[in-house]
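The values are calculated or read from the model by the stated rules, or taken from the named source; none is laboratory data. Computed from a predicted structure; not experimentally measured. Every residue, glycine as well, gets a Cβ built from its backbone with ideal geometry; the counts of neighbours run over all protein chains shown. For accessibility, only protein heavy atoms count, side chains too; no ligands or nucleic acids. Shrake-Rupley method; radii C 1.70, N 1.55, O 1.52, S 1.80 Å.
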2 protein chains.
Amino acid sequence: MTDTPTTMAAMLLQGHGDIEQLIYRTDVPTPSPNTGEVLVKVSATAKNNTDRKVREGLYPTQDNSTVTSFQMTESPTLSFPRIQGADVVGRVVAVGKGVSTERIGQRGLLDFNIYADQRDDINLTPDYFGHGRDGGFAEYIAVPADQFYDMSDCPYSDAELAALGMCSYQTAYHMLTSARVKAGEHILISGASGGVGTALIQLCRLLGATPYAISSPGKSEGLKALGAASVIDRTQVSDWRSAVAKATGGVIIDAVMDLAGGSMINPLLDVMTEHMSQRKDYPRLSIAGASAGNVTDILWTKIYLYQIQLFGVSHGTRAEARQLMHWIRQGDLKPVLHGTFPLSELHAAERYFASGRAQDYLGKLVIVPDSEWQQHGAPYAIQGVSA
Amino acid sequence: MTDTPTTMAAMLLQGHGDIEQLIYRTDVPTPSPNTGEVLVKVSATAKNNTDRKVREGLYPTQDNSTVTSFQMTESPTLSFPRIQGADVVGRVVAVGKGVSTERIGQRGLLDFNIYADQRDDINLTPDYFGHGRDGGFAEYIAVPADQFYDMSDCPYSDAELAALGMCSYQTAYHMLTSARVKAGEHILISGASGGVGTALIQLCRLLGATPYAISSPGKSEGLKALGAASVIDRTQVSDWRSAVAKATGGVIIDAVMDLAGGSMINPLLDVMTEHMSQRKDYPRLSIAGASAGNVTDILWTKIYLYQIQLFGVSHGTRAEARQLMHWIRQGDLKPVLHGTFPLSELHAAERYFASGRAQDYLGKLVIVPDSEWQQHGAPYAIQGVSA
């Protein structure tokens, strides 16, 4: 701890609202690692859509009303000011009580969950660094030692590693495991060009399943390079059954991984109610987002006569994080990194993400502390934007 | 076959419509058992709600439009005239090729499914005797020998056995297995006084789970006698969360078994989003009916932030039928028999079922061929109605 400064640069979220609520400060107290924790000097933190949703307060609850944030426990865990940023890469610079000093110097990737308990196979109250506790849009972060996974031998750079963070990959993996996706199955993925979508494509291939992607225009080649067997441009579809049949060669869609919700749900369910007698398992849909709309009229006869199973997914389990970290270390998952921004320019990154230009790219934006920019950020700067 | 008459009495459904479409005939050709089948002389057949729904053509598909029936394969399996009646008890009077003549004389209960294949653990295209093939509202029925389970040593009468039929019990059991209901869990059951509901209550107890019932008024004592830990009169509820908390003593509702749909879904989901941090598994809802309405606005943020899992259920599997038959043989499941009607008076039974009086009773109506009435029907006749 001796050479760790007492204050640091960080982007503080002051309250719900637009990006003006994000204030860059250089006098934020550096955190200290508690028992069982490590202090990490941050080199790269991926930007996730969840940061924007939390900032804007878009998590609605009952009665379609909008509330400030989701809350699973007796009291809300989000308080202000809060440092956002879930997918953190960096190096251990100090350890708390009960953690070996051998960890110091180790490069790692954070499992972003604030787990409610020690259970390995279930995670019932998803909360995370950047929401219930401070995240990685800062120079330092204190996190549980067992959730900061050693990436010393990993083939990827820090910015690339951040792009492989758990916020997308663990959610994607848990969507697949919830729906019992297995080798040989054919999986339709909506919202395929986002962070979770590109993770889903790669994870389907790792599991031996064949992914078909639904995406906005212009991303076909990129998604195919990641493993999509074919890509459907959603803006060109009038009849989903025939569009999917055409794109897949008429295979049975065993399960749908959906991030769209809204008006996409019923067409996606209809795709799965075909060829019932030739199916091997019940039609399954996992959903982890609702970019096309938060409400859908569900017809129960469709659900129960066709024995459709629906799985709501947020984050995943400790065991799933461990498996993903193993795959990342082995180079089995490819980072999809679009570019980097310095931490002090997070506003520009948010505007870039929200702009029309975001439609044109695939992959993650990664935020790098200004003090680390030359080493970890500059090589991936976006020409004319962040460089 | 020598003493089997060439014609028989049967109730023929002539087409979709009201009960006038059900015509009693005594000159219907007696079926012959095909290879692997047995010919059964029917002594008792339970009435199920599905018969009414198929008659009225209430299975809607896409776009909320109403169609004549559900159809899972390339061509509809329901054709007219059709003999309805799914839960059949009787005695083997002849066998088809490949079936031992030792079966002759054996009393049995039918597993009502027309399975699409030999798979033991999945049943993807539910169809059944009384829908895709002729059922038990007749004096004779030909069925697969391996689906007519030996009930020689079962402690129940024929009418009681019919009331334990698979149409309700297998559906109920599959609702529980789909939702992974296990010992120690607390289960909320809507529509608890119907055939599937009373089966759910008993099956929860067999699995070691605690059932709480939601029902219409006046059925509390009957449902408690079957095993319900407490009963909520749905007509008296304004706030479901507090009503359930009061009725259960504030336990965590691990899963909901729903037969109501419509406006009941969101309150039932809300009951399961409480106490997330104390849960042991994801909140689960199985649905196998929609008596309160076929359409519900689903809020996807509720589904995915709370990680709710929904299971559409129709019928169950061969393995589940086998397990249920074992429990029935052992006397582990209690028949809930309200009363009997002669086959020729099926119209009266339908009117009785649909009338206000149906609100006052618990359990099954069982139909007995007129030629078997004195032995199998008369002991359970309803005073002033069917006797």
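Tabulated data for the structure shown
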| quantity | calculated |
| --- | --- |
| Only one of A:D158, A:D117, A:D121, A:D127 that is open to solvent by 40 Å² or more (accessible area, probe 1.4 Å), assigned by TED's automatic domain parsing to the domain that holds A:V54 and either closer than 27 Å to A:L285 by Cβ or touching a residue at least 24 places away in the same chain (Cβ under 8 Å) (or both) | A:D121 |
| Unmet requirement for B:S344, which otherwise passes all of (1) under 21 Å from the mean Cα position of the chain (by Cα); (2) more than 20 Å from B:G108 (Cβ to Cβ); (3) hydroxyl-bearing (S, T, Y); (4) away from chain A (no Cβ under 14 Å) | (1) |
| Subset of segment B:314-350 [over 17 Å from B:T45 (Cα atoms) and among the acidic types (D, E)] | B:E320, B:D332 |
| Residue among A:T177, A:T198 that alone is over 24 Å from A:I122 (Cβ atoms) and in contact (Cβ under 8 Å) with a residue 40 or more places away in the chain | A:T198 |
| Test: residue in segment B:269-291 that is aromatic (F, W, Y), touching a Ser or Thr at 6+ places or on another chain (Cβ under 7 Å), in contact (Cβ under 8 Å) with a residue 24 or more places away in the chain and in a loop (DSSP other than H, G, I, E, B) | no |
| Failed item in (1) under 25 Å from B:T301 (Cα atoms); (2) open to solvent by less than 40 Å² (accessible area, probe 1.4 Å); (3) part of a loop (DSSP other than H, G, I, E, B), with A:R180 passing the rest | (2) |
| Subset tally (residues that are modelled with pLDDT of 95 or more and either open to solvent by 60 Å² or more (accessible area, probe 1.4 Å) or in a helix (DSSP H, G or I) (or both)) for segment B:350-387 | 11 |
| Qualifying residue in segment B:134-149 (condition: under 20 Å from B:V196 (Cα atoms), in a strand (DSSP E or B) and touching a residue at least 40 places away in the same chain (Cβ under 8 Å)) | no |
| Count of residues meeting criterion [under 9 Å from A:M257 (Cβ atoms) and surrounded by fewer than 24 Cβ atoms within 10 Å (Cβ to Cβ)] in segment A:183-203 | 0 |
| Test: residue in segment B:197-204 that is closer than 30 Å to A:R284 by Cβ, in the same structural domain as B:V368 (by TED's automatic domain parsing) and in a helix (DSSP H, G or I) | no |
| Failed condition for A:S286, given (1) within 14 Å of chain B (Cβ to nearest Cβ); (2) farther than 25 Å from A:K364 by Cβ | (2) |
| Total residues in segment A:1-54, condition assigned to a strand (DSSP E or B), over 23 Å from A:L161 (Cα atoms) and open to solvent by 10 Å² or more (accessible area, probe 1.4 Å) | 9 |
| Meets criteria (open to solvent by less than 30 Å² (accessible area, probe 1.4 Å), in a strand (DSSP E or B) and over 21 Å from A:Y173 (Cα atoms)) for A:I214 | no |
| Residue count for segment A:135-146, restricted to those that are crowded, with 23+ Cβ neighbours inside 10 Å and not β-branched (V, I, T) | 6 |
| Residue that is most open to solvent (accessible area, probe 1.4 Å) [pool: residues in segment B:302-322 that are assigned to a helix (DSSP H, G or I) and within 11 Å of B:M166 (Cβ to Cβ)] | B:R322 |
| Scan of segment A:245-268 for residues that are of a type in the set (A, V, I, L, M), open to solvent by less than 20 Å² (accessible area, probe 1.4 Å), in a helix (DSSP H, G or I) and within 11 Å of chain B (Cβ to nearest Cβ), ordered by number | A:I265 |
| Subset of segment A:95-118 that is outside any loop (DSSP other than H, G, I, E, B) and of a type in the set (D, E, K, R) - its residue that is farthest from the other protein chains (Cβ to nearest Cβ) | A:E102 |
| The one condition in (1) away from chain B (no Cβ under 14 Å); (2) surrounded by 23 or more Cβ atoms within 10 Å (Cβ to Cβ); (3) assigned to a loop (DSSP other than H, G, I, E, B) that A:K334 fails to fulfil | (2) |
| Subset tally (residues that are more than 7 Å from chain B (Cβ to nearest Cβ) and touching a Leu at 6+ places or on another chain (Cβ under 8 Å)) for segment A:270-279 | 2 |
| Unmet criterion (only one of (1) closer than 21 Å to B:F353 by Cβ; (2) under 19 Å from the mean Cα position of the chain (by Cα)) for B:P217 | (2) |
| Considering residues of segment B:300-319 that are in contact with a Pro (Cβ under 7 Å, 6 or more places away or on another chain) and over 25 Å from A:A116 (Cα atoms) only, the residue nearest to the other protein chains (Cβ to nearest Cβ) | B:S314 |
| Test result for A:R322, more than 7 Å from chain B (Cβ to nearest Cβ), in contact with a Cys (Cβ under 6 Å, 6 or more places away or on another chain) and charged (D, E, K, R) | no |
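One line per residue, one yes/no per condition, for (1) under 22 Å from B:F112 (Cα atoms); (2) in contact with a His (Cβ under 8 Å, 6 or more places away or on another chain); (3) not polar (S, T, N, Q):
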| position | (1), (2), (3) |
| --- | --- |
| B:H174 | yes, yes, yes |
| B:L188 | no, no, yes |
| B:T198 | yes, no, no |
| B:G218 | no, no, yes |
| B:A228 | no, no, yes |
